[in-house]
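Just below is one structure, and these are the notes that go with it.
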Amino acid sequence: MSVDTATTTDKDSVLEFFVQASNKHDFSLDITLNLKGAMVTGTLVSAGEYFATLSDSFEDQGDVSQKLSEELTKAGEAVEGSSVPDAQFIHLKNARVYCGDTKPTPSKGSILWRGKLSEVDGFFLGRISESKGKDNQDG
């Protein structure tokens, strides 16, 4: 009896391929993820870019913030220098989370998002964007 590898691994191999391309070659693309009924939309970025951007957000804010910034920079460098063939996390910039038929959370600002690849139920290429007006109006 053969075992379907899709059921023995907790990650989608195609999605993991995109993440590996991002981590190794600074490849990015707009993507929307389905996670336990919620949708997360944004731009896929490398772990290195994620940690560098996160580190920058803590700079020049005092001693504790400076230490956090340094540790995040080290984490990003460790990920970039890693020879581990598989990816465990996916990183998005300009992320928005949609739960049901409501406005996204957060609705403003440039948000970084990190999630476990094993928790992603599905995905599609492209981002969800809010329309400025109503497309379908009665009357």
Local net charge near Thr41, Cβ-Cβ under 9 Å (Lys/Arg +1, Asp/Glu -1) | +1
Residues whose modelled amide H sits under 5 Å from the amide H of Ile128, counting only those 5 or more places away in sequence or on another chain, are Gly42
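Where a number appears in this text, it was derived from the coordinates with a stated rule and is not lab data. Note that the structure is predicted; figures quoted are calculated from it, not measured. Cβ sites come from the backbone with ideal geometry, for glycine too, and all protein chains shown count toward neighbours.
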